[in-house]
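Below you'll find the structure, written out as structure tokens, and then a few comments.
The values are calculated or read from the model by the stated rules, or taken from the named source; none is laboratory data. Note that the structure is a prediction, hence the values are computed from the model and not measured. Here Cβ is always computed from backbone atoms with ideal geometry, including for glycine, and neighbour counts include all displayed protein chains. Protein only, heavy atoms only, side chains kept; ligands, DNA and RNA dropped before computing areas. Shrake-Rupley method; radii C 1.70, N 1.55, O 1.52, S 1.80 Å.
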Amino acid sequence: MPTIGDQHIVKSYDEALKRLHDALARMAGLTETQLHKAIEALEKRDSDLASQVMNADHEIDEAEHFINDQTVRVLALRAPVADDLRQVISALKVAGDIERIADHAANAAKRSLVLNQLPPVAPMRSLVRMGKLVAELLGEVLNAYLTNDAERALAVRSRDQEVDDLYSSLFREILTYMMEDPRTITSCSHLMFIAKNIERVGDHATNIAEQAYFVATGRSLNDQRPKRDTSAFEGVVQD
């Protein structure tokens with residue numbers, strides 16, 4: 001029969017797990033909002049909104065630090081096994097992905113401030129379309145992770161190729177636009193960097209999908225993600 005002390009330890013452990021889950025949910029919500037704002041700032045050429053995204057990045061960094069600390073607490077309080085261990089370790093990994101997503105949103109917002117000082121260019125419409133798709137997938141995968149929905153996570157993972165296709169198409173569109181009108185080279189160069197940031201958000205969303213599936217099922221996804229050949233673009237754009 002468990003003693004009062006044992007019951008106290010279990011209660012403290014459960015409370016620590018809940019704090020970890022709640023902190024991750026809050027961090028996810030903040031980051032999802034940041035990405036939506038960054039895309040809206042691009043679409044509307046809204047410099048004030050872009051500045052908000054950049055200035056709020058520290059909140060997500062602080063949330064990640066809290067989750068890291070909370071993870072150590074949970075591990076020290078009672079060495080978890082099986083389902084609990086998967087939940088704790090995946091929270092650490094997902095927090096890292098979420099933090100990087102927030103960084104990419106901030107980078108996109110920073111470059112949009114420069115774009116707003118230049119004449120608009122046509123490929124922006126394709127960039128915004130890609131951004132909205134990635135924001136949609138991010139919302140789906142965060143919900144899948146927080147609700148242990150393996151099927152929903154797989155559905156997001158399977159759509160990663162859509163993002164890659166849009167990115168490749170946008171890259172070609174931007175290059176064509178620059179060749180046809182060299183005056184747009186500066187603007188289009190910034191679009192390339194933003195497009196790469198958004199494409200990387202899609203990759204991090206896929207990482208989260210794989211963690212969500214692992215937490216929900218206890219099984220890893222060992223098959224390779226479907227990728228078309230984008231080697232011509234690798235190394236051209238880094239941010």
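Structure values in brief
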{"quantity": "Counted residues, segment 41-53 - those being open to solvent by 70 Å² or more (accessible area, probe 1.4 Å) and either touching a residue at least 24 places away in the same chain (Cβ under 8 Å) or not basic (Lys, Arg) (or both)", "calculated": "4"}
{"quantity": "Matching entry among 200, 172, 219, 152 (being over 19 Å from the mean Cα position of the chain (by Cα), among the charged types (D, E, K, R) and modelled with pLDDT of 95 or more)", "calculated": "172"}
{"quantity": "Failed criterion for residue 32 (all others in (1) more than 13 Å from the chain's Cα centre (by Cα); (2) buried (at least 18 other Cβ atoms within 10 Å of the Cβ); (3) of a type outside the set (Gly, Ala, Ser); (4) at pLDDT 90 or above hold)", "calculated": "(1)"}
{"quantity": "Residues within segment 1-29 that are hydrophobic (A, V, I, L, M, F, W, C), surrounded by fewer than 18 Cβ atoms within 10 Å (Cβ to Cβ) and at pLDDT 95 or above, tallied", "calculated": "1"}
{"quantity": "Any hit, segment 120-141, residues being more than 16 Å from residue 195 (Cβ to Cβ), in contact (Cβ under 8 Å) with a residue 24 or more places away in the chain and touching a Ser or Thr at 6+ places or on another chain (Cβ under 7 Å)", "calculated": "no"}
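Here is a yes/no grid of residues against (1) touching a Lys or Arg at 6+ places or on another chain (Cβ under 9 Å); (2) modelled with pLDDT under 95:
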| position | (1), (2) |
| --- | --- |
| 75 | no, yes |
| 80 | yes, yes |
| 90 | no, yes |
| 96 | no, no |
| 99 | no, no |
| 105 | yes, no |
| 109 | yes, no |
| 113 | no, no |
